[in-house]
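The values are calculated or read from the model by the stated rules, or taken from the named source; none is laboratory data. Fair warning: this is a prediction, and the values are worked out from it, not measured in the lab. When we count neighbours, we look across all protein chains shown, and the Cβ atoms used for this are built from the backbone with ideal geometry, even at glycine. For accessibility, only protein heavy atoms count, side chains too; no ligands or nucleic acids. Shrake-Rupley method; radii C 1.70, N 1.55, O 1.52, S 1.80 Å.
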Amino acid sequence: LVSTQLAMGGRDAGPEAGAHRKGEAEMKVSSAAKRAASVSQKCFVGIHGTWYDLTEFVNLHPGGDILWKFNQMDATEVFIAFHTKPGILAQASKYRTKMTYERQPDPVKSAYAKLSRQLVKEGMMSPEGTAGTWLFNAVRLLFFFAVSVLSIKMGWFACGGVLLCAFWQQSGGLMHDTMHTNFTYDRNLDYYFGWLFGTVFFGTNSEWWRREHNVHHALTNSYTTAPETQSKHAYNYAMPDKVKAAEGDVDHGFSVDYQMKEDVYAQNEDVIHLFGKNDPFYFLMKYQHFYMLPAMVALGRIGILVDSWRHGASLFHWFGFALHWVIVGFVLSLCPDWFSRAVVYYVSSLCEGGLHIQLVANHYLNNWDLDESIANDFVRWVFKSTHNIGGPAWFDWYHLGLNLHIEHHLFPKVSRANLRTIQPKVLFPVETSRKSLEIPWNCPQDISLFLRCFFFYFCSRLTPSVVRKEGSCKIPTIIHLSIYLIPL
């Protein structure tokens, strides 16, 4: 009964009792079924109407113990998104139980499964035909590093810093591709490439990135009032008392998607109230519309390094991090004095702010909800929580393919080299039928419109719906941008 209830979306979940101040997010509480699943020692995951007992498989799962977050929930569409090789369910037959649950007919889910199978047949989720793209990316990566070194030797320190940032940014993009296993499509080989591009070149713990990013893809912009306690990484993050959580005795929400709320900012001011006034940064975050953009530019590099390493890492990744600083040390040793070294490193860190804005921008104008509601409606939720950034194809190299974010979240196993190829199949049918299927449309085709909305949103403290309706800058935005740009 508990499993079936969660598979159908936790129907006894309801809004928290009590009044909410105007303009704040209304916090819904996790269902009794979800609360029970969050402390259960058995891991049952529903796929295609059948329950699988994955308790013994969790530690063997190549994607990590994210399975606990889907304990006693229907994960069919998420399974389709991440597992595209044929025969995977057959390999898991020994974990199949005799218990079943009913999946209601849904044209969106059926169309998604059909399109996924079609893309697999067309080779969109394989390395075929992508070798040229990756070779070009590798050459560009080495070019940026070489020209950065040359610029510093010639005394053009600021220029060298910009090019060093380009090297970091492209390395981060390749880490993203490899840790999605979209590079060679061999999990073990891509893991080591991810270590090289991410941990060694970019300086970010690629293992940490993969763990958090998998959750981000599966349960985008989600929170819970009953966080799972079974994961070995669960207690690295905010966690209530296990007994109180099981009884529903919590007064605020907890991030499931760790990118929904970082230490010093959330996706907008409304969502801050979901996480309670006991948050040490609660008061500060009420003013994030003033500091968020300049902080991402000025301190984003430092923030992502601290965030990726503070929870610890394996010796292999610490070794990679040491190699990263050997490379950085070599570049900085080319400078004649400490001032020029500071110029190179901080200019490169400032320019990396563009990457951090890119990482934030694709989701942080959109909706959020309980994890159990999202898991039950994965396809529609991608359109509600994600949007694309319009722009020409020749500029995709800068966006690292993340500008085509709807396609990427729907089909994370499609190489970025193929995202524009699959775009008409993903977007245009949806555009014509989205009203009848209750699918929103978040795809500004003009990048200037997107940037206006983005700056207007963060500088004027408006809700996402107002941002999409307005689509233009006003005087407060211009004033705030002037304040940001003058010191930079």
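Worth pointing out:
- In the context of the full set of protein chains, region 238-316 has a per residue accessible area of 46 Å² (1.4 Å probe).
- Only protein heavy atoms count here; on that basis, with a 1.4 Å probe, Glu247 has an accessible area of about 130 Å².
- Euclidean distance of C-alpha centroids, region 318-385 and region 74-140, integer Å: 28
- Reach of Lys425 by Cα under 15 Å, taken over aspartates and glutamates that are not fewer than 8 positions away in the same chain: Glu122, Glu407
- 14 Å beta-carbon shell around Thr50, net charge (K/R +1, D/E -1): +1
- Whole-Hz Karplus values for region 168-180 come out as 4, 5, 5, 5, x, x, 6, 4, 4, 5, 5, 6, 8 Hz, taken residue by residue from phi with 6.51 cos²θ - 1.76 cosθ + 1.60 and θ = phi - 60°; glycine and proline positions read x.
- Per residue accessible area in Å² of region 171-230, where ligands, DNA and RNA are left out and the probe is 1.4 Å: 22
- Heavy atoms of Lys28 accessible to a 1.4 Å probe, total area in Å² rounded to 10: 60
- In the context of the full set of protein chains, region 336-424 has a per residue accessible area of 30 Å² (1.4 Å probe).
- Each of Tyr192, Tyr291 has its accessible area taken with a 1.4 Å probe; listed largest first, they run Tyr192, Tyr291.
- Heavy-atom accessible area with a 1.4 Å probe sorts Phe383, Phe157, largest first, into Phe157, Phe383.
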